[in-house]
Amino acid sequence: MLCFVGEHLRICPQEYTCCPSETEQRLSEESVRDLARIVNETVSYPTGVLTKARKRFQEFFLALLDSSENSLAAMFALSYGHLYSQNAALFSTLFSELRAYYMGGGSTRVAEALSEFWAALLERTLRLLLPHYDLSTDYMECAARRAEELRPFGDIPRRLRIQVTRALGAARTLVQGLATAGDIVSRATKTLPPPDCLRAAMRMWYCPLCRGHTGLLPCHGLCLNVMKGCLAHQADMDADWNSLIEGLQEVAERLTGPFNVELATESIAVKISEAIMTLQEESVQLTAQIFQSCGTPRPSRTKRSPQQEPKRTFQVYSNEEKPTSAAGTNIDRLVRTDPSVIATHVMCPLHSLHAAFSSIQVSDVVSKLRQLRGLWKLLPLSLCSDHRVSAGLSNQDRCWNGQTRGR
């Protein structure tokens, strides 16, 4: 190996060296690529974990809405037969609006979608209750204005609105929050390090080669100092990152508690059927109040009689019988089949974070998210704990300290 005086060196110590200027420049560029690769490898697992969790939860929540709509269709087809088929679009429109809201692309809020649904349902049921009257558009608008005071469906619309709004809102927030967290990790890896970092990385990894020390890894302390400087921008994000993680934990807790999305979606069909029965039971009093407020409508010129079909009992699923999502599970068993597990010790390299979320129940999301706290502040420590990056704490006498071999 040919070595000579290193006065030409711009980064490494200007002592005897085996690297001409061209080699030093090439190794400097290599250190930039190495730094980007190591950081990318280390934080790519949290990115993949968050992305996978978002996808699985989103698929599951949408499957819950599909299951709820299918359950309603089956119940109402048994109960009302052809009468339901004629009005099925009313119910499918409601579920389309709920999906659009959940996906974040709908312009209608849950409360607005439900309000429009109840108004349309009232119009359909009144026309069935009063088949011998000519119910004009103006007359129906008058009846709709009186609906809020008369409460033809009882308190069910209000209770359903609260339950579904909370549950779908929490589910959407969780999925969007997981997506945001994944985007933050992805963007953080693309942040260009400061120039001083690149010079320091070169001195840490490749200057030993120029001194003839092949296979000599940086000392742990040197690695920590360099990585803290290189990742100072990411460390500044730590407080905001922790706030995001805490927020996701709170949402996850709500999804397993008062904002349970599975219970909310399962109750849609039952509550609508209860509302219709409430209106039927109070139909005489309701029509009398509407006649009193809006006047008696003109008799219809054509004689019509509503179709009568035997009314069957609505089917309500028990916990053992309740339908599952397309993923073959309910919310308490979500993604239990994946054997991955989050790393339990932050001192370990972050490669172990590739196992987040996918092996856990929804109720475990809270504890697993907690392990992502301090991700950016502890990233230098995680990197330098990797035996490929530094010599570690056990080899402090046989490492590169930035100038020579040793401490």
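Roll a 1.4 angstrom probe over the protein heavy atoms and tell me the percent of accessible area of region 155-257 that is carbon or sulfur. Walk me through the intermediate numbers first.
Working: 2330 of 4560 Å².
Ligands and nucleic acids excluded, carbon and sulfur give 51 percent.
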Accessible area of region 79-200 divided out per residue, in Å², using a probe of 1.4 angstrom
50
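May I ask you to derive the FRET efficiency for GLU141 and LYS228 from their Cβ-Cβ distance with R0 = 41 Å, giving the value to the nearest 0.05? Before the final figure, lay out each step's value.
Working: r = 68 Å, r/R0 = 1.66.
In this case the efficiency is close to 0.05.
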For peptides 177-187, 138-148, sequence by mean Cβ density within 10 Å, most packed first:
177-187, 138-148
Ordered by residue, what ³J(HN,Hα) values in Hz, to whole numbers, does region 240-253 give under the Karplus form 6.51 cos²θ - 1.76 cosθ + 1.60, where θ = phi - 60° and Gly and Pro are x?
5, 4, 5, 5, 5, 4, 4, x, 5, 4, 4, 5, 4, 5
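For GLU282 and ALA74 in the same chain, what is the full-extension length gain: residue separation times 0.36 nm, less their Cα-Cα distance, in nm? Walk me through the numbers before you get to the answer.
On the way: separation 208, 0.36 × 208 = 74.88 nm, distance 2.55 nm.
Result: 72.3 nm gained on full extension.
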Ranked highest first by average number of other Cβ atoms within 10 Å, how do 194-204, 230-240 line up?
194-204, 230-240
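Evaluate 2.2 N^0.38 Å with N set to the residue count of region 46-131, then give the Cα radius of gyration divided by it. Can you show the working numbers first?
Values: Rg = 16.5 Å, N = 86, 2.2 N^0.38 = 12.0 Å.
Its radius of gyration relative to the 2.2 N^0.38 Å reference: 1.38.
The values are calculated or read from the model by the stated rules, or taken from the named source; none is laboratory data. These figures come from a predicted structure and were not determined experimentally. Cβ: placed from backbone, ideal geometry, glycine included. Neighbour counts: every protein chain shown. Note: accessible area is taken over every heavy atom of the protein model, side chains too, but ligands, DNA and RNA are not part of it. Shrake-Rupley method; radii C 1.70, N 1.55, O 1.52, S 1.80 Å.
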